[in-house]
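Reading through the structure tokens given below for one structure.
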Amino acid sequence: SAHMVAGLLTVRSTNSEHGKQRDAVHSMFAKKILNTQELCQLLSSRIHSVKKTIQHTEWSRGKLRDAIEGIKEPINVCKTRLELRQTLPRREKVSDAFQDALLQEERDLQATKRKLVTALGDSDNLLRMLTTKLQELEMDLRDKKHSQKLDHMCIDKKVRDLHMPTTLDKCYSRGSATPAEPALAELVSDASAPASARETIGRSKERNRQSDTMHNLEQALAAEDTAKHRWAETSLLLEVCQKTIAKAAQFTQAEMAAKVEHTEVLRQELLKQQRATNHKAEDLKKYLGLTTDKLQAIEKPLSCNATRERIRGGRTPREDIADQVSEALTQQLHALKGKKMQLETQTIAMHDTLRDLHSTQRSLQEDIADKDRAIAIERQCASLRKEAHGTHSFGFSKVGQGQRHFADTAASMMRHADRSPQLNRPGR
């Protein structure tokens, strides 16, 4: 009988120990499943948020690409204008305000393009980082779902009957038990818990598993914050570039209009001076003709005077005296020769003046032709239209416009509350 009693006590002790171990195993399964489920929810929420962030970053990067493509046309127009101005006549090829405005506009456009290219490179790097984080999160979620499925197979009766022998212990058919600790309790340092419950090798490894997942979630969240700051910087950059380029373009247009107007005024003054010079030349030719005619006409009195002197030279010696007629003829000769010399001097001076007037006419004609060519080139520069100048946009727009997701500006996106569940991570 003693052996019977001992046997019964052993059976009871075995059943009791088996029950405790069975409940402990079931509780650990339930706790592990709860932890994995919580981590899966956090991963799913963060993956959804990262996907939306990637989508918006791609849209923002597309805006930068459009801006870079849009700025190529103004740069080409500016270069073409500078090349056209190199064909100006030498007289008109000067470093004026319009030339300075074109050079400044070219510098502004090139500086803006460099900023946009740098921002595009930053966006590309950010997009690669987000894609890498998304892949890591998806891989972690896939592993956790697989682990959760295996744990469910160990305690769920329906799943067990499909994958396990039906002769398993009935303890696996117990209903689901509520774990004694909250989800992710391994991350909490509870000083009131017993030492055996606070720290074991399995608990340490579970905490490391949870910490790795939380670390990935933190990195993904930091990448999203970086992306939001990048959106804001991109929006500000596009706005600043838009204003800078529009201001430079307006200044160039104003200087170009002033240059054309000034050249046109100079051309009108040259035309007026040309008309006055032509009038002077015509008058001088008329007076030169009169002087030449008079110079030719004075030869007749001189010839007549010489003939009279020759006729009077045939007088007898008695009558060959310097009488009053001789004096009159002599005075007439001296007077006519004086006037002839005066007319010849005036004719020479008129010819010199006429040559100077003709030279001035040629110079004025060349200057007017240069002005006409310069005006034609400047107007050709003005005819080079920049389509983007119509709205001063150059393909830019604020980040968020036309976007299906996050259809706000980047500044408001910084204030946008993250709708994905936050990491309910206990403090360490």
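The values are calculated or read from the model by the stated rules, or taken from the named source; none is laboratory data. Owing to the predicted nature of the structure, the values given are computational and were not obtained by experimental measurement. With ideal geometry, Cβ positions are generated from the backbone for all residues, glycine too; neighbour counts draw on all protein chains shown. Side chains are part of the model used for accessible areas, which takes the heavy atoms of the whole protein and leaves out ligands, DNA and RNA. Shrake-Rupley method; radii C 1.70, N 1.55, O 1.52, S 1.80 Å.
Tabulated values for the structure
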item	result
Exclusive hit being at pLDDT below 85, part of a helix (DSSP H, G or I) and not hydrophobic (A, V, I, L, M, F, W, C), set G175, G202	G202
Residues (open to solvent by 90 Å² or more (accessible area, probe 1.4 Å), more than 60 Å from the chain's Cα centre (by Cα) and among the basic types (K, R)) located in the range 327-358	K337, K339
Which numbered condition N35 misses (of (1) polar (S, T, N, Q); (2) surrounded by fewer than 19 Cβ atoms within 10 Å (Cβ to Cβ); (3) farther than 22 Å from Q135 by Cβ; (4) in contact (Cβ under 8 Å) with a residue 12 or more places away in the chain)	(2)
Filtered residue count, the range 136-156, keeping only those that are under 23 Å from Q219 (Cα atoms), among the acidic types (D, E) and surrounded by 17 or more Cβ atoms within 10 Å (Cβ to Cβ)	1
Checking K280 against (1) in contact with a Phe, Trp or Tyr (Cβ under 6 Å, 6 or more places away or on another chain); (2) surrounded by fewer than 17 Cβ atoms within 10 Å (Cβ to Cβ), the condition it does not meet	(1)
Close pairs (8 angstrom Cβ cut-off, 6 or more residues apart or separate chains): β-branched (V, I, T) in the range 253-278, not in a helix (DSSP H, G or I) anywhere	T263/E92
Selection count, the range 195-248, where residues are over 30 Å from M129 (Cα atoms), surrounded by fewer than 18 Cβ atoms within 10 Å (Cβ to Cβ) and among the β-branched types (V, I, T)	3
Long-range neighbours under 8 Å by Cβ, at least six apart or interchain, first residue without any contact (Cβ under 8 Å) to a residue 60 or more places away in the chain within the range 334-353, second part of a helix (DSSP H, G or I) and of a type in the set (K, R)	L343/K294
Of the criteria (1) buried (at least 20 other Cβ atoms within 10 Å of the Cβ); (2) of a type in the set (D, E, K, R); (3) over 30 Å from K371 (Cβ atoms), which one K115 fails	(1)
Selected residue (criterion: surrounded by the most Cβ atoms within 10 Å (Cβ to Cβ)) from residues of the range 49-95 that are under 17 Å from Q250 (Cα atoms) and of a type in the set (D, E, K, R)	R81
Failed item in (1) under 30 Å from P74 (Cα atoms); (2) open to solvent by less than 50 Å² (accessible area, probe 1.4 Å), with A254 passing the rest	(2)
Subset of the range 361-382 (residues that are among the hydrophobic types (A, V, I, L, M, F, W, C) and within 40 Å of the chain's Cα centre (by Cα))	A369, A374, I375, A376, I377, C381, A382
Tabulated pairs, the range 121-134, first over 17 Å from R65 (Cα atoms), second basic (K, R) and in a helix (DSSP H, G or I), C-beta under 7 angstrom, 6+ apart or interchain	L134/K51
I368, sole failed condition from (1) closer than 22 Å to N278 by Cα; (2) surrounded by fewer than 16 Cβ atoms within 10 Å (Cβ to Cβ)	(2)
The range 256-300, residues that are touching a His at 6+ places or on another chain (Cβ under 8 Å) and more than 28 Å from H334 (Cα to Cα)	A281
Residue count for the range 203-217, restricted to those that are of a type outside the set (S, T, N, Q) and under 16 Å from L141 (Cβ atoms)	5
